[in-house]
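The values are calculated or read from the model by the stated rules, or taken from the named source; none is laboratory data. Just so it is clear, the structure is predicted and the values come from calculations on it, not from any experiment. Glycine also receives a Cβ, built like all others from the backbone with ideal geometry; neighbour counts cover every protein chain displayed. Protein only, heavy atoms only, side chains kept; ligands, DNA and RNA dropped before computing areas. Shrake-Rupley method; radii C 1.70, N 1.55, O 1.52, S 1.80 Å.
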Amino acid sequence: MKVCRIAKFNAAHRLYRPDWSDEKNNLIFGKCNNPNFHGHNYKLEVWVSGKIDPETGYVIDLKVLKEIINNEIIERFDHRNLNLDCPEFQDLNPTAEYISIVCWDLLRAKLDSTYDLSVRLWETENNLFEYSGS
Ligand code: NI
């Protein structure tokens with residue numbers, strides 16, 4: 001059984017590699033390399049799968065999952081500049097791929113190991129990224 005909790009956060013970022021020339025950054029990242037940053041309304045789907053607890057009838061209490069997501073993701077990234085404010089991206093280009101992996105790692109550390117975890121990150125209504133640990 002799989003259950004999902006959805007969370008939303010707004011954040012700014014810039015896609016940029018300091019080891020590349022401005023020309024190459026512009027070529028590869030285009031407008032996403034705007035030096036003054038740009039923002040997204042991210043939507044994160046957090047999918048947890050496991051057995052139904054016969055006592056509660058739940059796979060996981062979604063109130064508990066909501067708290068974990070709030071503490072680990074929303075408090076950390078909402079209304080932040082990912083490049084400047086978030087140590088997670090100090091040396092990591094904050095592409096949606098890497099944001100997905102960072103979110104997965106943070107959540108995985110707080111979830112019982114009996115659960116399987118998968119995250120899906122919507123960066124725009126057309127661009128979706130999924131990570132399940134590999
Ligand atoms: Ni962007």
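Brief remarks follow.
- Test: residue in the range 59-75 that is among the basic types (Lys, Arg), out of contact with any His (no Cβ under 9 Å at 6 or more places or on another chain) and not in a helix (DSSP H, G or I): no
- Every pair of residues 6+ apart whose Cβ atoms lie under 9 Å, when the first sits in the range 27-42 and is in contact (Cβ under 8 Å) with a residue 60 or more places away in the chain while the second is within 10 Å of the ligand (Cβ to nearest atom) and part of a strand (DSSP E or B): HIS40/ALA11; HIS40/ALA12; HIS40/HIS13; TYR42/ALA11
- For the range 55-77, the criterion of a residue being surrounded by 12 or more Cβ atoms within 10 Å (Cβ to Cβ) and within 16 Å of the ligand (Cβ to nearest atom) is satisfied by at least one position.
- Single unsatisfied condition, SER134 versus (1) within 14 Å of the chain's Cα centre (by Cα); (2) assigned to a loop (DSSP other than H, G, I, E, B): (1)
- Complete set of residues in the range 1-40 that are of a type outside the set (Lys, Arg), open to solvent by 50 Å² or more (accessible area, probe 1.4 Å) and within 26 Å of LEU117 (Cα to Cα): MET1, ILE6, ASN10
- Of all the listed residues (ASN71, ASN127), the sole one being within 20 Å of HIS13 (Cα to Cα) and modelled with pLDDT of 95 or more is ASN127.
- Selection from the range 104-126 of residues that are in contact (Cβ under 8 Å) with a residue 12 or more places away in the chain, within 14 Å of GLY50 (Cβ to Cβ) and polar (S, T, N, Q): THR114, SER118
- The condition (being open to solvent by less than 30 Å² (accessible area, probe 1.4 Å), away from the ligand (no atom under 14 Å from the Cβ), in a helix (DSSP H, G or I) and not polar (S, T, N, Q)) is satisfied by just one residue among LEU111, LEU117, LEU84, LEU107: LEU107.
- Those residues of the range 11-26 which are more than 9 Å from the ligand (Cβ to nearest atom), part of a loop (DSSP other than H, G, I, E, B) and touching a residue at least 12 places away in the same chain (Cβ under 8 Å), in sequence order: TYR16, ARG17
- Qualifying positions in the range 89-104 - within 16 Å of the ligand (Cβ to nearest atom) and either of a type in the set (D, E, K, R) or touching a helix residue (DSSP H, G or I) at 6+ places or on another chain (Cβ under 9 Å) (or both): PHE89, LEU92, ASN93, PRO94, THR95, GLU97, TYR98, ILE99, VAL102, CYS103
- Condition met for ILE28 (within 26 Å of ARG120 (Cβ to Cβ) and in contact with an Asp or Glu (Cβ under 7 Å, 6 or more places away or on another chain)): no
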